[in-house]
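Worksheet: one structure, shown below.
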Amino acid sequence: MQSPLFQHVELQSHERYAVQNPQLLRVALTGHDDVLARKGAMVAYQGLVDFDGEYESSGRRRDRAATGEGLELMRCSGQGTVYLANLAQYVHVVDVDRDGLTVDSDYVLALDSSLHTEVIAVDSQYGISGSGKYQLNVVGQGKIALMTSGMPLMMSVTPDTYVNVDADAIIAWSTPLRVQMQAQTHSSNILRRRGNTGEGWELNFLGRGFALVQPSEVMPPHDAQIGEGLRGQYGNGGQNRNNVWS
């Protein structure tokens with residue numbers, strides 16, 4: 001049998017995390033350190049690998065219920081190779097250092113089990129919720145695999161150059177950055193998108209670090225059921241988070 005498909009063979013790498021192709025992550029397990037992955041993200045594996053639901057404390061369950069932010073994870077352990085993907089989104093591996101990383105949990109594919117996560121609130125001058133008010137703070141030293149809808153933009157933030165990002169497009173940023181939510185409209189209209197422009201909440205970044213932005217304001221489906229393909233709930237730019245594809 002012959003086909004150009006046979007060009008897409010397994011990647012040979014000594015790295016723990018390797019991007020098999022732009023939309024597929026290869027994770028090597030050696031039997032020592034486990035990897036935490038998004039539930040249901042495994043598309044293939046080789047070797048003696050176990051998959052278990054990751055324990056979630058009652059406090060974290062309450063945080064996720066109250067804020068909508070948090071991770072539903074499975075623990076991958078053993079010896080072998082695991083391939084992870086989610087809706088063919090683009091995969092990016094990031095080294096988390098002691099400064100930490102703040103991320104939108106909807107775009108986390110996998111992370112080292114040694115990393116610690118907690119839900120944090122992003123300040124707003126209005127004190128009311130908008131898209132992106134709650135995020136996930138990742139601390140420790142290790143690697144995390146993020147996903148974007150399309151190829152992202154990495155924006156540098158310096159004391160001389162601050163950055164504004166649409167709250168629906170932000171993926172992650174350096175934790176030490178000072179962040180505030182804002183919307184350039186009158187407070188009486190803050191609950192709807194800005195005028196007739198379609199723009200709403202922004203995140204304003206000050207300090208020194210980076211902000212990772214995706215070229216999309218559409219969230220991936222969160223409640224798609226196995227066997228339903230792309231049928232699931234979408235959030236569209238913060239305007240309607242219950243749009244259903246059929």
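The values are calculated or read from the model by the stated rules, or taken from the named source; none is laboratory data. For clarity, every value in this text was computed on a predicted model and none was experimentally measured. Glycine gets a Cβ as well: all are built from the backbone with ideal geometry, and neighbour counts include every protein chain shown. For the accessible areas, the whole protein counts, side chains as well, though only heavy atoms, and no ligand, DNA or RNA atoms are used. Shrake-Rupley method; radii C 1.70, N 1.55, O 1.52, S 1.80 Å.
Remark: the D95-L206 segment gains 37.8 nm on full extension, using 0.36 nm per residue and subtracting the alpha carbon distance.
Here r is the Cβ-Cβ distance between D52 and S3 and R0 is 22 Å; the resulting FRET efficiency, rounded to 0.05, is 0.05. The label point for L87 and the one for D160, both projected 7 Å from the Cα toward the Cβ, are 4.0 nm apart.
Note on T30 and Q180: the model spin-label points, each 7 Å out from Cα along the C-beta direction, lie 4.6 nm apart. Ordered from largest to smallest accessible area (heavy atoms of protein chains, 1.4 Å probe), the residues L109, L87, L11 come out as L87, L11, L109.
Between E10 and I120, the C-beta separation translates, for a Förster distance of 45 Å, into a calculated FRET efficiency of about 0.70. Model label sites at M151 and Q79, defined 7 Å from Cα along the beta-carbon direction, differ in position by 4.0 nm.
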